[in-house]
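The structure under discussion appears below in the form of structure tokens.
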Amino acid sequence: MQDKNSKYETLKESIRKHDYNYYVLDDPEISDSEYDLLFSELIELESLNPDFITPESPSQRVGSTPLDSFNSYNHKKQMLSLANVFSEDELIDFFTRVNKRLIDIKSYKVFCEPKMDGAAISLIYINGILTTGATRGDGIKGEDVTSNIKTIKSIPQKLLLTNKYLMPSYLEVRGEVYISKEDFIKLNKNAFLNDQKIFANPRNAAAGSLRQLDSKITSQRPLSFIAHGIGEIKDIDISSLDEFFTMLKEFGLPINPLNKKVSDINGCLKYYEEILKNREGIPFDIDGVVYKVNNLSYQSKLGEVSRSPRWAIAHKFPAEEATTSIESIDFQVGRTGILTPVARLKPVKVGGVIVSNCTLHNIDEVKRLDPRVGDTVIIRRAGDVIPQIIKVVLSKRPSNSSRVDIPNKCPACGSSTLNENASDWVVVKGNNNQQIKKFGSEIEANYFISKEANDYSVKEIKNKAAFVKCSAEFTCPEIVKGNIVHFVSRKAFDIEGLGQEIINTFNKKGFLKDVADIYNLKAFKNELMEMDGFGQKSITKLLNSIESSRRVNLHKLIYSLGISEVGEATSRNLAQEYTSIDLFLNADFDHLLGIDDIGPKVASNIINYIKTDFAKSLLPRLILELDIIKTAEVDIANMPLNGVQVVLTGKLNNYSRDEIKENLILKGAKVSSSVSSKTNFVIAGENAGSKLKKAIELNVRIYDENEYESILKNPSKYI
């Protein structure tokens, strides 16, 4: 028995070594047939001696029983996301901030690596044995996908022993699961031949493969792994990232061969240009490079901000562009009734994604670009996410092309359309100074002027951002469906399981004619059970989500109604002013004008909504279904930011806009959408535009998001 056991252990170690040579080093020492013989011998030994089998055996890479669901996994150390820079100037700003915090340190090295475009995971090794593999999730909580991680042959289930490093008792390695470009082409080709799903890009394919409940399916996907970070570690005495990765390589974990250590920002920029130049030849998808302070003690000194480390930054590549042609242009109806022009394109790959549709935003954009059916256009994915037409190639325009006809009938319901303007700038002049104010119409402007100063007169009106709108309002089926989608969204009632397609289906079948019908869906449970894609589990989950949404804060209810130009901040202001839904529904125009951030246009929108037959029919039915939490009366006067008006602008990397709004409002601040002389300060992120310019003109104080933390800790210092 001892001889057999010894032979079994030797076989396992031999197979692990050959796996490492093949999948990590790409340098096999034996042929595939020889490897197959070794593996067959292992299987035979295990079948004759089942008590030999251990969890880290190469034969245990694929589980036999599919899971019902994944368990959640709490990361011991948060998996941070990286802030981004897009230019040399922004990179200089990053290193300037680092240098300020490391002012007593003369120099430091920077570790550079390609930014992998895959699925982030965390691997836990206890005494060298792989025990857990978890997805990133929200950085704090992910999913335990260990059974799927074990199918990835480049991830060792047992770390290799080395004379150079002692085996740690606990080692958490962060990295990226990905599919190479070559393997992705093969995967989709095979899927096409077998009439299976075609994946949009390698990243989606990798992420989807990790979330398969049957690990046998995952094992058929060509997944690979590269380590790129440190999690929780014990019994490891290392001082730098490059030493850490040297150790991982000794243990048999794959690291990126393109990693490089440089001395300064010039080295970083040279590395960026080199990787960008060779991007197409790199065997896996990347969307930039990452720079990290190499010294681990310096990383600790720098710390982190919310979800991002201060010691690392991602330098993103420019958005990719592609050329294609317009096959048709049509108009979609949004939840507010506005018709949005959409170009239907000859499908083209841009930034790793097949793009076939591209919004043209509004009528002004149509006039500016003058896109026509048959036109050749250049497409860019802004921020590698949103496709947009940046140019029409006029030299290739067909001779028989014609301009886009602006619809005079709604494409969804056939009602006539209205030509309106998103903004009317009314210039009014008084005794002292000329002032510019923004109103929805000349009537509202004159009303406002007569209320505030009779000696003001309207000088001119300049129309901006023209749009076309369906006149049917809430009787148009597309507007109704759009309002339901808005109502169930995360920032509103947050009802899980009611997506766009399901709402369309339920609406078509008559189950869901408006938002109040959501709370009567349980009456159609039997009908739902007979529909494709709906089982007992999914229906129960949906109905439970609906039930739990009945108890709702007043400000969320107001926001969920989808009143034009009434966003989250305005909804909070309204809830604070009226405290109950009955008081809000009895609001009048004059009273609304006295609320911060509400002008004549927004006040008109609210009054017009409340008075519609649609609202008069819907709201009583909806309110009966809900347990509405009245807004508590708070001592606003004693809040540290009471009376302070704040504006957010630009791209924020370390915090979400919602998070900043929430925290400022909780301290009494009013978060406004526009800069004025009443604005106390502006928090500006990257690429801030007109709002930042306006703040500078008005001499309003401007802070960046890094100073936001200090504002919360010591508000009086910044008022």
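Structure above, values below:
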| quantity | calculated |
| --- | --- |
| Candidate lysines for bridging to residue 17, where Cα separation is under 24 Å - those fewer than 8 sequence places away on the same chain excluded | 4, 7, 150, 153, 158, 164, 216, 249 |
| Antiparallel content of DSSP bridges confined to the chain, in %, to 5 | 85 percent |
| Nonlocal amide H pairs with residue 355, under 5 Å, H built at 1.01 Å | 348, 349, 350 |
| Convex hull of region 74-316 built on C-alpha atoms - directionally averaged projected area, nm² | 13.5 nm² |
| Residue 97/residue 712 FRET efficiency (R0 22 Å; Cβ-Cβ; nearest 0.05) | 0.70 |
| Cα-based helix-to-principal-axis angle, 181-193 vs the chain, degrees rounded to 10 | 80 degrees |
| Those aspartates and glutamates that a straight Cα-Cα span of less than 19 Å connects to residue 76, excepting residues fewer than 8 apart in one chain | 138, 143, 144, 172, 176, 232, 235, 304 |
| Sequence of 228, 361 once ranked by neighbouring C-beta atoms within 10 Å, starting from the fewest | 361, 228 |
| Extension gain (nm, one decimal) between residue 30 and residue 261, 0.36 nm per residue minus Cα-Cα | 79.8 nm |
| Potential extension, residue 523-residue 127 segment - 0.36 nm per residue separation minus Cα distance | 137.1 nm |
| Phi-based couplings in Hz for region 257-269 (Karplus 6.51, -1.76, 1.60; Gly and Pro marked x) | x, 8, 4, 8, 9, 10, 9, 7, 5, 5, x, 5, 5 |
| Charge tally in the Cβ shell below 14 Å around residue 267, where Lys, Arg are +1 and Asp, Glu are -1, residue 267 excluded | -1 |
| Neighbourhood net charge (13 Å Cβ-Cβ; Lys/Arg +1, Asp/Glu -1) for residue 103 | +4 |
| Burial ranking of peptide ranges 483-491, 85-93 (average Cβ count within 10 Å, highest at the top) | 483-491, 85-93 |
| 222 nm mean residue ellipticity, helices alone, for the chain (DSSP H n ≥ 4; -39,500 (n - 2.57); rounded to 500) | -10000 deg cm²/dmol |
| Low-density loop cleavage sites - trypsin sites (Lys or Arg not before Pro) in region 82-129, where at most 13 other Cβ are within 10 Å (DSSP) | 106 |
| Cα gyration tensor shape of region 58-141, rounded if a/c is under 1.5, else prolate or oblate by comparing a/b with b/c | prolate |
| Ascending count of other beta-carbon atoms within 10 Å, so fewest first, for 703, 178, 20 | 703, 20, 178 |
| Residues of region 613-629 with amide N under 11 Å of a point placed 7 Å along Cα→Cβ from residue 415 | 613-614 |
| FRET E, pair residue 161, residue 588, Förster distance 56 Å, beta-carbon r, rounded to 0.05 | 0.10 |
| Extension gain, residue 322 back to residue 496 (0.36 nm per residue minus Cα-Cα distance, nm) | 59.0 nm |
| Simple label model, 7 Å out from Cα along Cβ direction - residue 276 to residue 677, nm | 4.5 nm |
| Degrees, to the nearest 10: 568-578 long Cα axis against longest axis of the chain | 50 degrees |
| Approximate spin-label separation residue 471-residue 547, in nm, with each point projected 7 Å along Cα-to-Cβ | 4.7 nm |
| FRET E, pair residue 364, residue 239, Förster distance 45 Å, beta-carbon r, rounded to 0.05 | 0.20 |
| Cα gyration tensor shape of region 637-718, rounded if a/c is under 1.5, else prolate or oblate by comparing a/b with b/c | oblate |
| Set of lysines with alpha-carbon distance to residue 525 below 25 Å, sequence-local pairs under 8 removed | 481, 508, 509, 513, 537, 541 |
| Residue 211 paired with residue 87, simple spin-label distance in nm, labels 7 Å along Cα-to-beta-carbon | 3.6 nm |
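Readers should treat all values here as calculations from the given coordinates under stated rules, not as data from a laboratory. What you see is a predicted model, and the numbers here were worked out from it, not measured in a lab. Because the Cβ atoms are built from the backbone with ideal geometry, glycine has one as well, and the counts that use them run over all protein chains shown.
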